[in-house]
Amino acid sequence: MKQGKLIVLSAPSGSGKTTLVKYLLHKEELHLDFSISAASRDARGTEVQGKDYYFLSLREFKDKIKADEFLEWEEVYRDNFYGTLKSEVQRIWDKGKHVIFDIDVVGGLDIKRIYPDRTLAIFVKPPSIEELKIRLKKRKTESEDKINMRVAKASTELATAPQFDAIVTNDELEKAKVEVYQLVKKFILG
Ligand code: 5GP
């Protein structure tokens, strides 16, 4: 079985990790491809089936858990399951590419545990909880309650940072881009 490497970027929401993942995907010399997660929720807004997520019904998701088709999965919110299919990682490796994940800290650390030597797990840290709050407010996509919930979750997530291979603080986006690029390049190209 052909195997490549795995790059995990995990962070509390509002840390700018999605921007960093997109930046890395544009670097052709890294040969990265994005791991599309499976989710048991409906598509939102402009989300596309098979591009943003593999949207499954709750029944389909649970059947795949039983059939041991997931590398990792999690019930992130009640009845909202998210996970990485083993077939997704293999699909990317079969193309001769390395896998990059944009998932939460629990899923990210699961991947690291399953493939300790093949995985580079990077924790993207917001400069401070205060700054995180400001960024989430600027997005204007969520209510005050939801923002407070995410900020509370972020504090617990921040405590897991030492378990990652590297921590990149995203106080200046351009600087963070260079830092993650150097880390990933060294891990992939040696
Ligand atoms: P959303 O519904 O906002 O797209 O995602 C909700 C949460 O699920 C986010 O915290 C996201 O990081 C997490 N998530 C997305 N895909 C996966 C996955 O494959 N595995 C795990 N463990 N979490 C995921």
So how many residues does segment 101-115 have that are in a helix (DSSP H, G or I) and either more than 9 Å from the ligand (Cβ to nearest atom) or closer than 18 Å to residue 64 by Cβ (or both)?
7
Note on segment 14-32: residues surrounded by 13 or more Cβ atoms within 10 Å (Cβ to Cβ) and closer than 29 Å to residue 151 by Cα are 14, 15, 16, 17, 18, 19, 20, 21, 23, 24, 25
Per the filter on segment 18-37, residues more than 20 Å from residue 88 (Cα to Cα) and either among the aromatic types (Phe, Trp, Tyr) or in contact with a Phe, Trp or Tyr (Cβ under 7 Å, 6 or more places away or on another chain) (or both) are 23, 27
Selection within segment 33-77 - farther than 25 Å from residue 184 by Cβ, out of contact with any Leu (no Cβ under 9 Å at 6 or more places or on another chain) and among the hydroxyl-bearing types (Ser, Thr, Tyr)
46, 57, 77
Could you please give the count of residues in segment 75-100 that are more than 9 Å from the ligand (Cβ to nearest atom), of a type in the set (A, V, I, L, M, F, W, C) and over 23 Å from residue 160 (Cα atoms)?
3
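Residue-wise test of (1) aliphatic (A, V, I, L, M); (2) more than 20 Å from residue 146 (Cβ to Cβ); (3) modelled with pLDDT under 95; (4) buried (at least 18 other Cβ atoms within 10 Å of the Cβ).
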| position | (1), (2), (3), (4) |
| --- | --- |
| 12 | no, no, yes, yes |
| 39 | yes, no, no, yes |
| 43 | yes, no, yes, no |
| 65 | yes, yes, no, no |
| 79 | no, no, yes, no |
Between a residue in segment 100-119 that is within 24 Å of residue 155 (Cα to Cα) and any residue that is more than 12 Å from the ligand (Cβ to nearest atom) and part of a helix (DSSP H, G or I), which pairs come within a Cβ distance under 8 Å, given they are 6 or more apart or on different chains?
109/163; 112/163
Criterion (at pLDDT 95 or above, touching a helix residue (DSSP H, G or I) at 6+ places or on another chain (Cβ under 8 Å) and within 30 Å of residue 141 (Cα to Cα)) met by exactly one of 32, 58:
32
Residues located in segment 173-190, provided they are farther than 18 Å from residue 18 by Cβ and surrounded by 13 or more Cβ atoms within 10 Å (Cβ to Cβ)
185, 187, 188
Mind checking which pairs have a first residue in segment 81-99 that is under 15 Å from residue 21 (Cβ atoms) and of a type in the set (Lys, Arg) and a second that is modelled with pLDDT of 95 or more and surrounded by fewer than 21 Cβ atoms within 10 Å (Cβ to Cβ), Cβ under 8 Å, 6 or more apart or different chains?
97/4; 97/31; 97/33
When residue 35 is run through (1) surrounded by 19 or more Cβ atoms within 10 Å (Cβ to Cβ); (2) more than 10 Å from the ligand (Cβ to nearest atom); (3) among the small types (Gly, Ala, Ser), the failure sits at (2)
Can residue 7 be described as at pLDDT 95 or above and within 13 Å of the ligand (Cβ to nearest atom)?
no
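The values are calculated or read from the model by the stated rules, or taken from the named source; none is laboratory data. Note that the coordinates shown come from a computational prediction; the quantities given were computed from them, not determined experimentally. Here the Cβ is made from the backbone with ideal geometry for all residues, glycine too, and neighbour counts use every protein chain on show.
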